[in-house]
Amino acid sequence: MKIAFYGTARHVGTSANMAAVAAGFWHYLKIPAFMEAFPADTGSKIQRVSLFDCSRSTDAEECIKRCDLLALNISFAYQNLEEAYFRHSLVRKNVVFLVGKYYQDRSDKLAYLAKEYRVDRSRICTLPYNTRFGYAYENQRVLHYVENRKKSKESYADSDFKKNLKHTVSTMIYYADRKGEMHYG
């Protein structure tokens with residue numbers, strides 16, 4: 001499976017969210033996930049997930065076309081969302097909206113996003129703001145953070161982050177398998 005990540009603005013956390021998703025695929029499904037530069041046409045029979053940061057690519061459109069799913073990484077400022085929405089012909093592509101650094105008190109903004117862009121709410125995934133995850137990302141220990149099983153010492157913020165990460169991974173699997181769908185909802 002090939003997943004293209006596209007950040008709609010600078011500093012929306014695309015690479016951090018990619019690292020979280022890669023760790024989630026391994027932790028929850030035992031499927032290796034790799035961050036790669038550009039999707040190649042390989043006939044590999046090995047089950048794996050390849051993640052691509054297309055917002056840094058000079059040929060983002062081609063990168064997105066070669067992938068099974070587009071994870072549109074957004075912030076609540078919706079900077080450049082409209083441009084990305086139309087520029088990459090998202091109505092022809094399987095897409096999941098990924099809101100990083102999410103705060104639960106902003107659920108009204110999720111409803112606004114769904115209504116404004118006519119997106120089925122099931123396509124909107126959130127990864128809550130979490131300082132421990134941020135520290136793990138900065139120190140390249142995201143997998144260790146996700147696999148930490150000390151439930152007695154796990155805070156609500158950590159368990160909420162992991163619950164949302166599991167939901168994000170399962171949503172990506174679901175929508176990547178719906179290849180050829182012509183609309184969001």
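Quick notes
- Distant-in-sequence amide H partners of Ile31 (H built 1.01 Å from N, under 5 Å): Trp26
- Take the Cα of Thr58, step 7 Å toward its Cβ, do the same at Tyr135, and the gap between the two points is 4.1 nm.
- Backbone geometry of the stretch 108-118 corresponds, through the Karplus equation with coefficients 6.51, -1.76 and 1.60 at θ = phi - 60°, to 3J(HN,Hα) couplings of 5, 6, 5, 5, 4, 4, 4, 6, 4, 9, 6 Hz, x marking Gly and Pro.
- Inter-label distance, Asp105 to Leu143: 3.7 nm, where each label sits 7 Å from its Cα along the C-beta direction.
Readers should treat all values here as calculations from the given coordinates under stated rules, not as data from a laboratory. Just so we're clear, the structure is a prediction, and the values are computed from it rather than from any experiment. Neighbour counts run over all protein chains shown; Cβ positions are idealised from the backbone, glycine included.
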